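Report on the following structure.
The values are calculated or read from the model by the stated rules, or taken from the named source; none is laboratory data. Here the structure is a predicted model, which is why all the values come from computation and not from measurement. Here the Cβ is made from the backbone with ideal geometry for all residues, glycine too, and neighbour counts use every protein chain on show. Side chains are part of the model used for accessible areas, which takes the heavy atoms of the whole protein and leaves out ligands, DNA and RNA. Shrake-Rupley method; radii C 1.70, N 1.55, O 1.52, S 1.80 Å.
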Amino acid sequence: MNAVFPGSFDPITSGHMDVLTRASRIFDHVTLTVMHNARKTGRHLFTLEERVAVLQEATAHFSNVSVDSFGGLLVDYMRQQQKGIIIRGLRAVSDYEYELQIAHLNRQIGEVETVFIMAATRWSFVSSTMVKEIASYGGDVSEMVPRASASALRRKFAEVYAEREVEQGR
Ligand code: PNS
């Protein structure tokens with residue numbers, strides 16, 4: 001059975017990696033798919049190409065994981081690619097309500113099943129949003145993200161710091 005682990009992955013965290021590792025032991029093949037929306041590009045720190053490159057680097061050691069991207073409805077992607085099952089990670093009860101709604105809607109509009117995998121408790125407070133927040137102030141996120149994400153964050157915020165210094169006339 002094949003599965004798709006969709007997400008924004010802006011950037012991929014250790015929590016995502018944990019869910020992916022577990023999924024790769026359960027399913028024959030797992031596709032990590034960066035879902036993107038051309039009208040919402042400004043919401044992300046990393047471009048689609050950057051996110052795909054980080055995912056490829058972070059998952060190179062898996063023999064049954066591949067990386068893809070798609071702009072549109074997840075159910076259309078699942079149908080077009082005959083991808084099987086959707087995987088989503090759950091960190092805490094707070095994720096459940098949102099994920100439950102999406103899973104029901106995806107089954108209603110596309111007859112696609114979702115399987116939830118619980119991330120290890122040590123990652124329950126880690127999110128891409130918080131990682132970006134910490135990294136933007138120069139905090140250490142190396143435990144919370146794979147090495148590829150940490151390097152990409154360093155590169156990204158180096159640009160931001162340089163731009164700020166130029167703006168401030170330093
Ligand atoms: O990592 P995220 O941001 O929690 O992932 C959410 C994502 C990208 C999986 C979800 O927003 C999604 O599936 N977007 C594609 C558009 C879509 O199908 N939306 C309808 C769901 S009912």
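Condition test on residue 96, is it hydroxyl-bearing (Ser, Thr, Tyr) and either open to solvent by 100 Å² or more (accessible area, probe 1.4 Å) or part of a strand (DSSP E or B) (or both)? Yes: the conditions hold for residue 96.
What do you reckon, is residue 90 surrounded by 13 or more Cβ atoms within 10 Å (Cβ to Cβ), under 18 Å from residue 26 (Cβ atoms) and not aromatic (Phe, Trp, Tyr)? In short, yes. Within region 41-74, the set of residues being surrounded by fewer than 13 Cβ atoms within 10 Å (Cβ to Cβ), more than 13 Å from the ligand (Cβ to nearest atom), assigned to a helix (DSSP H, G or I) and not polar (S, T, N, Q) comprises 42, 49. Among the conditions (1) in contact with a Ser or Thr (Cβ under 9 Å, 6 or more places away or on another chain); (2) part of a helix (DSSP H, G or I), residue 101 misses just one, which is (1). For region 1-40, how many residues are more than 13 Å from the ligand (Cβ to nearest atom), farther than 12 Å from residue 59 by Cα, outside any helix (DSSP H, G or I) and touching a residue at least 40 places away in the same chain (Cβ under 8 Å)? Count: 4.
For region 75-84, does any single residue satisfy the condition of being buried (at least 19 other Cβ atoms within 10 Å of the Cβ), charged (D, E, K, R) and either more than 15 Å from the chain's Cα centre (by Cα) or closer than 23 Å to residue 124 by Cβ (or both)? Break it down stepwise before answering.
As a first pass, look at region 75-84 and keep what is buried (at least 19 other Cβ atoms within 10 Å of the Cβ): 77-78, 83-84.
Still in the list and also charged (D, E, K, R): 83.
From what is left, the residues that are either more than 15 Å from the chain's Cα centre (by Cα) or closer than 23 Å to residue 124 by Cβ (or both) are 83.
Within region 75-84 (the criterion being buried (at least 19 other Cβ atoms within 10 Å of the Cβ), charged (D, E, K, R) and either more than 15 Å from the chain's Cα centre (by Cα) or closer than 23 Å to residue 124 by Cβ (or both)), the answer is yes, since at least one residue qualifies.
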